[in-house]
Amino acid sequence: MRLVDEEDNASVDLSVVIPVFNEKESLQPLYSELKQSLKALPYSWEIVFVDDGSFDGSVDVLKSIQAGDDQVGIILFRRNFGQTAALSAGFDYARGDIIITMDADMQNDPADIGIVVGKLADGYDIVSGWRRARKDKWLSRKLPSKIANRLISRMTGVRLHDYGCTLKAYRREVIKNLRLYGELHRFIPALANERGAKVTELEVNHRARQFGQSKYTLSRTTRVLLDLANVKFLLEYRTKPLQFFGKLGLFGLAAGALIFFLTVAMKIFQGVDISGNPLLVMSLFMFTAGIQLISIGLVGELVTRAYYETQGKPIYVVKEARLAGGLPDGDDPLKVTP
Ligand code: UDP
Ligand code: MG
């Protein structure tokens, strides 16, 4: 089901999308700050808060903010689906020509919005914030993130100092048809770049967390590594899995054949018994692995076709959503039928 009609929906200049997971104390001050910054800009705007299954009372705060301001929309998830899902929902529901994402914990500075949007106007499709003076713990956050950024930059070819900074600005076109899974929101610049988006980065302000706690720990690092392997594969072989698996498979077959001939040669010239030669087992193993890998590649080709040819489904379940501006009943895209 397509939730949002593209044309009807593009009716403000900026949408600020904010994922929220248990950030009760930050929401009201964040909202005031944001409003002040947005009012000072020459754009029309809306704020879309996506509550990712908070259980600390954030929902009540969001509801009261939304009730008092028709430039604010809220989307409430049924449970915690993760930051990627929250951002995806925000992208689906946002009506802006430009979409800004930022954290709910006030670590990003709303005063940077104008600067980031200004940079988009220089002809970029994505402007990614760089928290050069990042106010987080060194060992558990800054160091792993530094390594991850190096790795991601090198593997994807899109060189950014700070993939993890939520403060980013996107042109609507590059974000709308991007399907995100797992924790792939971090890789949006690389994924969008593959589709032709022009990406740049800009230094932004970063502040220490005042309320609540970070939702991530060091264990995220392993997930980032696996995601990176995933992204690398998606970027290079998504449309041609046989090229990846087939190459390995052919190597297996060739090595198997070579070792088998070696075994036979050893029998003929040195009288080594074939059945007692461990190389025989190795050649069989290589053959089998080769055939398996080629088969996986072929199945991958089928999967790829299914992936491209079927309709994408949203990766979240929305419990309730209240849009900024309140669309007329009939074409309210947020009407959720159980
Ligand atoms: N967040 C979310 N769902 C989650 C985890 C985090 O929506 O499962 C939100 C969180 O409320 C915050 C943003 O994502 O607005 C970034 O999280 P956090 O500040 O904990 O990460 P950090 O800044 O420490 O990297
Ligand atoms: Mg934070």
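Numbers for the structure displayed
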item	result
Helices (runs of 4 or more DSSP H) (entirely within region 162-272) containing at least 3 residues that are over 30 Å from Phe287 (Cβ atoms) and modelled with pLDDT under 90	172-176, 220-237
Odd one out for Lys240 among (1) charged (D, E, K, R); (2) in contact with a Ser or Thr (Cβ under 9 Å, 6 or more places away or on another chain); (3) within 30 Å of Asn22 (Cα to Cα); (4) exposed (fewer than 15 other Cβ atoms within 10 Å of the Cβ)	(3)
Pair list, Cβ < 9 Å and 6+ apart or interchain, from region 205-217 residues that are under 15 Å from Gln83 (Cβ atoms) to residues that are more than 9 Å from ligand 2 (Cβ to nearest atom) and hydrophobic (A, V, I, L, M, F, W, C)	Lys215/Phe21
Condition broken by Met106, with the remaining ones in (1) within 16 Å of ligand 2 (Cβ to nearest atom); (2) of a type in the set (A, V, I, L, M); (3) under 17 Å from Leu323 (Cα atoms) satisfied	(3)
Qualifying residue in region 51-73 (condition: touching a Ser or Thr at 6+ places or on another chain (Cβ under 8 Å) and within 16 Å of ligand 1 (Cβ to nearest atom))	yes
Lone qualifier among Glu236, Glu194, Glu201 - being among the charged types (D, E, K, R), in contact (Cβ under 8 Å) with a residue 60 or more places away in the chain and closer than 30 Å to Gly129 by Cα	Glu201
Condition broken by Ser153, with the remaining ones in (1) part of a helix (DSSP H, G or I); (2) buried (at least 17 other Cβ atoms within 10 Å of the Cβ) satisfied	(2)
Matching option when the condition is touching a Ser or Thr at 6+ places or on another chain (Cβ under 8 Å), within 17 Å of Val231 (Cα to Cα) and without any contact (Cβ under 8 Å) to a residue 40 or more places away in the chain, among Tyr181, Tyr163	Tyr163
Asn230 more than 28 Å from Leu180 (Cβ to Cβ) and either surrounded by 15 or more Cβ atoms within 10 Å (Cβ to Cβ) or among the polar types (S, T, N, Q) (or both)	no
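The values are calculated or read from the model by the stated rules, or taken from the named source; none is laboratory data. Just so it is clear, the structure is predicted and the values come from calculations on it, not from any experiment. Don't worry about glycine lacking a Cβ; one is built from the backbone with ideal geometry, like all the others, and counts go over all protein chains shown.
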